[in-house]
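Chemist: Here it is, the structure, as structure tokens.
Read-outs throughout are calculated quantities, based only on the coordinates presented, and are distinct from any laboratory measurement. Bear in mind that the values here come from a model prediction, so they are computed numbers and not experimental data. Virtual Cβ from ideal backbone geometry, glycine too; neighbours counted across all protein chains shown.
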Amino acid sequence: MPTETQDPEEKFIPAKEAVEEQWLDLPDGRMRYLKAGSGPALILVHGLMGYSFSWRFTIPALAPHATVYAIDNLGAGLSPAKPGIDCRLRPTAERLLQFVDALGIPQFDLLGTSHGGGVAIMTAAICAEQKTSRLRRLVLVAPINPWSPHGKMFAPFIGSPLGTLLFRNSIERWRSLDYVWLARLFGDVRKIPPDSLAGYRLPVIKNHALGHALHIVRNWTADLAELKAALPKVRDYKTLLLWGTRDRAVDFQSAEPLRQNFRDVRLVAFTGVGHLPYEEVPEDFNRTLVNFLTGDGSR
């Protein structure tokens with residue numbers, strides 16, 4: 001059963017009493033998540049090196065319209081994982097459905113960003129394979145996909161023995177590089193929130209999150225191939241695609257070939273914005289998202 005934390009470990013929780021930090025024991029670890037609001041269930045899935053902190057500007061806007069669950073995937077954020085956990089997309093999606101089953105959520109909408117967008121697509125594919133109606137709609141924010149050249153060479157290199165060595169002796173140790181990689185995710189660096197550097201460094205300190213990320217990128221090429229094979233299974237889900245036109249992590253030009261895989265889809269582009277529109281232009285992002293969620297929820 002989920003448990004509420006009486007003395008939260010970290011201070012980067014949206015400053016609203018209605019947001020609860022909770023924990024759920026799963027076979028492969030202990031999942032931390034934030035819960036807020038009431039109404040239809042909406043699960044938020046963070047990207048690589050992200051966690052529930054990523055949604056600090058989104059949760060308050062969604063809470064009046066949905067019961068929001070912002071998870072830290074096992075091994076990421078502050079969720080500890082068992083050694084040797086399988087970090088591929090499909091097992092990660094299966095753990096998300098374990099979370100859904102454990103909480104007894106009968107139906108839910110699913111929002112995933114970047115690598116979490118890939119997890120969301122795989123979750124939808126599993127639901128389609130099971131012929132269940134529990135997944136209602138998809139929201140994908142610059143999801144990883146087979147048509148984006150960004151990361152196709154860099155991610156496998158980082159996952160290689162040499163790349164891992166270089167990574168651990170630079171990014172993992174040198175706090176001064178935090179701003180460099182974060183700046184690449186924004187279209188306008190002046191819009192980096194002041195709490196971002198400390199917020200994203202916290203899981204590195206408390207949960208060895210960089211090591212978990214390295215395990216993920218080692219499977220990057222195989223995961224993209226499996227993701228492409230899964231896309232025909234999810235074409236019937238009502239879907240919203242959200243993307244920044246200056247995305248340097250997942251190429252905006254890949255949005256169109258991805259969009260063609262869905263029958264009922266809307267693509268919204270944020271001009272001049274980078275990979276994290278929910279942090280760079282949260283008001284525009286939240287408005288678009290709430291409009292989608294409060295509209296016709298049919299498939």
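Chemist: Suppose every Lys and Arg Cβ carries +1 and every Asp and Glu Cβ carries -1, with no other charges. What dipole size does segment 52-159 come out with about its Cα centre, to the nearest 20 debye? Don't skip to the answer; put the middle values down first.
Modeler: Values: 10 positive and 6 negative charges, 24 e Å.
Using only the charged Cβ atoms, the result is roughly 120 debye.
Chemist: Let me ask something additional. Ordered by residue, what ³J(HN,Hα) values in Hz, to whole numbers, does segment 225-234 give under the Karplus form 6.51 cos²θ - 1.76 cosθ + 1.60, where θ = phi - 60° and Gly and Pro are x?
Modeler: The phi angles translate into 5, 5, 5, 4, 5, 7, 4, x, 6, 10 Hz.
Chemist: Cα centroids of segment 231-299 and segment 70-146: how far apart, whole angstrom?
Modeler: 17
Chemist: Near the amide H of ASP251, under 5 Å away, which other amide H atoms are found, from residues 5 or more places off or on another chain, if H is placed in the peptide plane?
Modeler: HIS150
Chemist: Scan around ASP188 for amide H atoms under 5 Å from its own, H built in the peptide plane at 1.01 Å from N, and keep only partners 5 or more places away or cross-chain.
Modeler: Hits under the 5 Å cutoff: GLY274.
Chemist: Determine ³J(HN,Hα), in whole Hz, for all residues of segment 100-109 in sequence, where each value follows from phi through the Karplus function 6.51 cos²θ - 1.76 cosθ + 1.60 and θ = phi - 60°; x replaces Gly and Pro.
Modeler: 4, 5, 5, 8, x, 7, x, 9, 7, 9
Chemist: Measure off 7 Å from each Cα along the Cα-to-Cβ vector at ALA222 and ASP86, then give the distance between these two points in nanometres to one decimal.
Modeler: Result for the modelled spin labels: 1.0 nm.
Chemist: Another question, if that's okay. Based on other C-beta atoms within 10 Å, arrange TYR51, TYR278 from fewest to most.
Modeler: On the way: TYR51 27, TYR278 21.
By the 10 Å Cβ count, ascending, the order reads TYR278, TYR51.
Chemist: State to the nearest 20 debye the size of the charge dipole of segment 3-293 about its Cα centre, where the only charges are +1 on K and R beta carbons and -1 on D and E beta carbons. Don't jump to the answer; show the numbers that get you there.
Modeler: On the way: 34 positive and 30 negative charges, 130 e Å.
Charge dipole, segment 3-293, about its Cα centre: 620 debye, nearest 20.
Chemist: Given R₀ = 35 Å, what would the calculated FRET efficiency be for GLU20 paired with ARG184, taking r from the Cβ atoms and rounding to 0.05?
Modeler: The value I calculate is 0.60.
Chemist: Pull up all non-local amide H partners of LYS238: gap of 5 or more, or a different chain, and H-to-H distance under 5 Å with H placed in the peptide plane.
Modeler: LEU138
Chemist: So which of LYS82/LYS191; LYS82/LYS206; LYS82/LYS238; LYS35/LYS206; LYS35/LYS82; LYS35/LYS238 end up more than 27 Å apart by C-alpha? Display every interim value, and only then the final one.
Modeler: Working: LYS82/LYS191 36 Å; LYS82/LYS206 15 Å; LYS82/LYS238 35 Å; LYS35/LYS206 21 Å; LYS35/LYS82 24 Å; LYS35/LYS238 24 Å.
Over 27 Å apart, Cα to Cα: LYS82/LYS191; LYS82/LYS238.
Chemist: With 10 angstrom as the radius, rank VAL189, VAL204, VAL217 by how many other C-beta atoms surround their C-beta, starting from the fewest. Working shown, then result.
Modeler: Numbers: VAL189 13, VAL204 18, VAL217 23.
Arranged by neighbour count, lowest to highest, VAL189, VAL204, VAL217 become VAL189, VAL204, VAL217.
Chemist: Go through segment 247-264 residue by residue and turn each phi into a ³J(HN,Hα) via Karplus (6.51, -1.76, 1.60, θ = phi - 60°); whole Hz please, and just put x for glycine and proline.
Modeler: Once rounded to whole Hz, the list reads 6, 9, 9, 10, 4, 4, 5, 7, 5, 5, x, 5, 4, 5, 7, 10, 7, 10.
Chemist: Placing +1 on the Cβ of each Lys and Arg and -1 on the Cβ of each Asp and Glu in segment 3-293, which of GLN22, PRO194, ALA222 has its Cα farthest towards the positive end of the resulting dipole?
Modeler: Going by the Cα projections, it comes out as ALA222.
Chemist: I've got another one for you. Within a 10 angstrom radius of the beta carbon, how do THR221, THR239, THR67 rank from fewest other beta carbons to most?
Modeler: Details: THR221 14, THR239 24, THR67 18.
Ranking THR221, THR239, THR67 by Cβ neighbours within 10 Å, fewest first, gives THR221, THR67, THR239.
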